[in-house]
Each structure stands twice: as structure tokens, then as C-alpha cells.
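Trainee: Take a look at this one; I'll ask things after.
The values are calculated or read from the model by the stated rules, or taken from the named source; none is laboratory data. Being a predicted model, the structure only gives us computed values, none of them experimental. Glycine also receives a Cβ, built like all others from the backbone with ideal geometry; neighbour counts cover every protein chain displayed. Areas reflect the complete protein model, heavy atoms only, side chains present, ligands, DNA and RNA absent. Shrake-Rupley method; radii C 1.70, N 1.55, O 1.52, S 1.80 Å.
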Amino acid sequence: IEPNAAHTVDFRRLLQAATESHPPEVESEIQSVFRSSPRDLIRLATQNVDALLGAALVLDDRVKRLDAESEAPGPLLSRLERNRRRDGAHQLQKSLVTWAAYGAAGDLQVIRQFFLLLDALPEDRDHLRAVMVGRFKTLATSPETFAEVLPPLYGALVGASTLVRGAAAKVVGELPRRLLSDAPSLLLEALVALLNDPYQLVLSNTVKALERLTLPEPYHA
């Protein structure tokens, strides 16, 4: 559908609600809205990529708080409830970023907006940054969009964050082979170099990615 002003206002109100704390039944309803891809609401997602990613950033503070609370001791039922709310917040944040990626896919200008917002994230937002990197596969739908994805993807592969490197390695294994066949050697070199990474997450995702790829002869050793 082609969104009008009322759709946009309602959608932004929903995003505002997504960043706030609510009773479990309300949280469940909000999460259910974003659980699947935008489909008929794709135009609304395209017009609100900034709002979707802004909501994901605001939600990041809640995610961190719920992560910390989940480690606290207490009765079993209380811990289970904290874990449920933590998992729900994590999934909602991922869903918001997924909607933003679907909204940006295929539109070079909006894809660039997605990357500008990624670059603008504060230094301490590695979890959200990894979630956004993990959606690069949704953005790379053509040689033109793949060319936009390549610089931030390479930067993620060689970055300082373990979470981001792990997400980037996973993405390389998920990209369409028709696009990877034209990938510059620097990208493959950065991926193969992660076989020496000291962290299990990065190493595991790299091995899985390489299992899906057919590397040129120089990389076999």
C-alpha cells in the first residue's frame, strides 16, 4: 500500500511504543507486528528507515538493562520472566533493523542512509552494530547495491568488535554467489584471515561461511 500521513503518524507512534516498557500482553502484541517482513507495508518501512533504526537504538538501552537483570539471582519464576522479557527485547530490536533493511533494499539512496546511521552509532553500541551488519545480506540484491555494501562489510570484517566481525563473517557466507563471484580479493582475504581470530564466535562463523563458498585457488592453502 502507498502510505498516507495518517499511516506514518500511526507507525511512528507504534515505534515509540516499541521502545517503552509495557505489560507482557502489550509487549507481545507490539513484537508480533514486526515479527515478519514488511510485505504490504514495504513503502512505509522505506519512508521510515531512520525512525526504525532510531527506535532500535533507543531500545538498545533497554536490551542492556534486561541483559544485566537476567544475571541477577532470584526465584526461578522471576528469572524465567526476566529471561522472557530480555529475549523479547532482543528479538524486537532485530525485527526493527530487519524492517529497516527491507525498506532500504533496492534503493541506493536509502541504503546509503542506512550506512550513515550505522556509522553514526556511538562506540559502545557493538550489539546493535552487529545486528545491522547482519542485515547486509538483505541490502545486497544487485551488483549496484553490492557495491554499496562492500566498504562497510570489509570494515566490519577487520574491525575491533568481536560481535561485528562474527556478524560480518556470517553475512559473507550468506551473500548470493552471483555477487560474490565479482567480490574484490580484499574481501576474501579479510574473511580467510579470520581463521586466525582468537574468538570462537568469529572462527565458527568464518568456518561456516567458507563451507558455503568456492574460493579461488590462491586461498585454498
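Trainee: Out of Leu77, Leu92, Leu59, I need the residue that is over 18 Å from Leu139 (Cα atoms), of a type in the set (A, V, I, L, M, F, W, C) and modelled with pLDDT under 80. Which one? Show your work before the answer.
Mentor: Values: Leu92 fails: modelled with pLDDT under 80; Leu59 fails: modelled with pLDDT under 80.
None of the other options fit; the residue is Leu77.
Results for (1) surrounded by 17 or more Cβ atoms within 10 Å (Cβ to Cβ); (2) more than 17 Å from the chain's Cα centre (by Cα), shown as yes or no for each residue.
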site	(1), (2)
Pro73	no, yes
Leu77	no, yes
Leu92	yes, no
Ser95	yes, no
Ala100	yes, no
Asp107	no, yes
Ile111	yes, no
Phe115	yes, no
Pro122	no, no
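Trainee: Then there's this: Tell me whether region 46-64 contains one or more residues that are touching a residue at least 60 places away in the same chain (Cβ under 8 Å), hydroxyl-bearing (Ser, Thr, Tyr) and buried (at least 18 other Cβ atoms within 10 Å of the Cβ).
Mentor: Yes, region 46-64 contains a residue that is touching a residue at least 60 places away in the same chain (Cβ under 8 Å), hydroxyl-bearing (Ser, Thr, Tyr) and buried (at least 18 other Cβ atoms within 10 Å of the Cβ).
Trainee: Additional query: Is there a residue in region 119-129 that is out of contact with any strand residue (DSSP E or B) (no Cβ under 6 Å at 6 or more places or on another chain), of a type in the set (A, V, I, L, M), closer than 22 Å to Glu148 by Cβ and in contact (Cβ under 8 Å) with a residue 12 or more places away in the chain?
Mentor: Going residue by residue through region 119-129, those that are out of contact with any strand residue (DSSP E or B) (no Cβ under 6 Å at 6 or more places or on another chain) are 119-129.
Keeping just the survivors that are of a type in the set (A, V, I, L, M) gives 120-121, 128.
Then keep just the ones that are closer than 22 Å to Glu148 by Cβ; that gives 120-121, 128.
Of the ones still in play, those that are also in contact (Cβ under 8 Å) with a residue 12 or more places away in the chain are 121, 128.
Looking through region 119-129, at least one residue is out of contact with any strand residue (DSSP E or B) (no Cβ under 6 Å at 6 or more places or on another chain), of a type in the set (A, V, I, L, M), closer than 22 Å to Glu148 by Cβ and in contact (Cβ under 8 Å) with a residue 12 or more places away in the chain.
Trainee: Output the number of residues of region 139-148 satisfying the condition of being surrounded by fewer than 22 Cβ atoms within 10 Å (Cβ to Cβ) and in a helix (DSSP H, G or I).
Mentor: Let us first name the residues in region 139-148 that are surrounded by fewer than 22 Cβ atoms within 10 Å (Cβ to Cβ), namely 141-148.
This time we only want the ones that are in a helix (DSSP H, G or I), so: 143-148.
Of the residues in that region, 6 qualify.
Trainee: Here is a follow-up. Tell me, which helices (runs of 4 or more DSSP H) lie completely within region 35-126 with 3 or more residues that are farther than 20 Å from His7 by Cα and of a type outside the set (D, E, K, R)? First the steps, then the outcome.
Mentor: Values: elements: 42-47, 49-70, 76-104, 108-119.
Counting at least 3 such residues, we get 49-70, 76-104, 108-119.
Rundown of residues vs (1) assigned to a helix (DSSP H, G or I); (2) open to solvent by 10 Å² or more (accessible area, probe 1.4 Å); (3) touching a residue at least 12 places away in the same chain (Cβ under 8 Å), yes/no style:
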| site | (1), (2), (3) |
| --- | --- |
| Leu153 | yes, no, yes |
| Ala160 | no, yes, no |
| Leu163 | yes, yes, yes |
| Gly166 | yes, no, yes |
| Ala169 | yes, no, yes |
| Val172 | yes, no, yes |
| Asp182 | no, yes, yes |
